[in-house]
Amino acid sequence: MTYTPTKTLSFEDFVAQYGDDPRYELIDGELRALEPTGPHESVAGKLAGHIYAEILRQALAWTVPKNCLIQPPATAATALRPDVIVLDEAALKAEPLWQREPIITSGIPIRLVVEVVSTNWQDDYARKLEEYALLQIAEYWIVDFTGLGGTAFIGRPKQPTFTICQLQGDEYHRTLYRLGESIRSHILPELILQLENVI
């Protein structure tokens, strides 16, 4: 992910100009160009596939939309675009924008968000972690398949890391998984998944 110099945008301006373009998101009025590599998109696609297969297996009334923006209510000029998002279909009925646009304005319908780490790893490990906690999203996965994150987040030596953040109160408790270790998700407790299954 790289920064694109631009004038400050409002959320409404961003949606009008870039809402249908999955290459961009907005953070504090700054347009951010998402420039994922082929491997990044492959990891995101595999994760979505594993998650959706488990949703189908359990016959959950959840969906994994191809494209979705999150407008955190506490920040007027932010539009986050997670790599994978899992939504409760019943709770979507209360979302004011969902019937017209793929935009979520509260954390209520969000069961899980996943970010696949790219060059702007700071957003995934810090800014988005805070935003998703404020939205009270129960589980947030950070998939750092090349070990780009800072050592404060993935440890030393730096290596591929799958971090599951589970909300406890108002903050996330992070559990790190390395290659060869099976993840433990509270949202999908029967899901059998390791980092090597998606890279």
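The values are calculated or read from the model by the stated rules, or taken from the named source; none is laboratory data. Being a predicted model, the structure only gives us computed values, none of them experimental. Note: ideal-geometry Cβ built from the backbone for every residue, glycine included; neighbour counts use all protein chains shown.
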In the set 48, 44, 91, the lone residue that is farther than 20 Å from residue 145 by Cβ, at pLDDT 90 or above and of a type in the set (Gly, Ala, Ser) is 91
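The rows are residues; the columns are (1) closer than 17 Å to residue 27 by Cβ; (2) of a type outside the set (A, V, I, L, M, F, W, C).
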position: 109; (1), (2): no, yes
position: 115; (1), (2): yes, yes
position: 138; (1), (2): no, no
position: 145; (1), (2): no, no
position: 164; (1), (2): no, no
position: 171; (1), (2): no, yes
position: 175; (1), (2): no, yes
Just one of the numbered conditions (1) assigned to a loop (DSSP other than H, G, I, E, B); (2) in contact with a Leu (Cβ under 9 Å, 6 or more places away or on another chain); (3) without any contact (Cβ under 8 Å) to a residue 24 or more places away in the chain is not true of residue 174; which one? (1)
Quick check, is residue 76 modelled with pLDDT under 95 and small (Gly, Ala, Ser)? yes
Could you check region 103-127 and list, in sequence order, the residues that are buried (at least 18 other Cβ atoms within 10 Å of the Cβ), part of a loop (DSSP other than H, G, I, E, B) and not polar (S, T, N, Q)? 107, 109, 117
Among the residues of region 16-29, is there at least one that is under 18 Å from the mean Cα position of the chain (by Cα), farther than 19 Å from residue 127 by Cβ, surrounded by 13 or more Cβ atoms within 10 Å (Cβ to Cβ) and aromatic (Phe, Trp, Tyr)? no
Considering only residues that are in contact with a Phe, Trp or Tyr (Cβ under 8 Å, 6 or more places away or on another chain), assigned to a loop (DSSP other than H, G, I, E, B), closer than 17 Å to residue 22 by Cβ and not polar (S, T, N, Q), which ones fall in region 46-86? 64, 81
Within region 1-21, of all residues that are closer than 17 Å to residue 119 by Cα and assigned to a loop (DSSP other than H, G, I, E, B), the one modelled with the highest pLDDT is 5
Restricting the search to region 131-161, which residues are assigned to a helix (DSSP H, G or I), more than 16 Å from residue 176 (Cα to Cα) and in contact with a strand residue (DSSP E or B) (Cβ under 9 Å, 6 or more places away or on another chain)? 131, 132, 133
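Can you name every residue in region 149-184 that is of a type outside the set (A, V, I, L, M, F, W, C), surrounded by 18 or more Cβ atoms within 10 Å (Cβ to Cβ) and under 22 Å from residue 42 (Cα atoms)? Step through it out loud before you land on a result.
The first filter runs over region 149-184 and keeps only residues of a type outside the set (A, V, I, L, M, F, W, C), leaving 149-151, 155-161, 163, 166, 168-175, 177-178, 180-182, 184.
From the residues that got through so far, the ones that are surrounded by 18 or more Cβ atoms within 10 Å (Cβ to Cβ) too are 149, 160-161, 163, 172, 177.
Those that are of a type outside the set (A, V, I, L, M, F, W, C), surrounded by 18 or more Cβ atoms within 10 Å (Cβ to Cβ) and under 22 Å from residue 42 (Cα atoms): 149, 160, 161, 163, 177.
To keep it simple, each residue is scored yes or no on (1) touching a helix residue (DSSP H, G or I) at 6+ places or on another chain (Cβ under 7 Å); (2) surrounded by fewer than 14 Cβ atoms within 10 Å (Cβ to Cβ); (3) β-branched (Val, Ile, Thr).
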site: 50; (1), (2), (3): yes, no, no
site: 58; (1), (2), (3): no, yes, no
site: 67; (1), (2), (3): no, yes, no
site: 77; (1), (2), (3): yes, no, no
site: 88; (1), (2), (3): no, no, no
site: 96; (1), (2), (3): no, yes, no
Among 161, 119, 146, 175, which is the only one that is among the hydroxyl-bearing types (Ser, Thr, Tyr) and more than 25 Å from residue 38 (Cα to Cα)? 175
Where the second residue is polar (S, T, N, Q) and outside any loop (DSSP other than H, G, I, E, B) and the first is more than 17 Å from residue 128 (Cα to Cα) and lies in region 8-35, which pairs have Cβ atoms under 6 Å and are six or more apart or on separate chains? 35/2
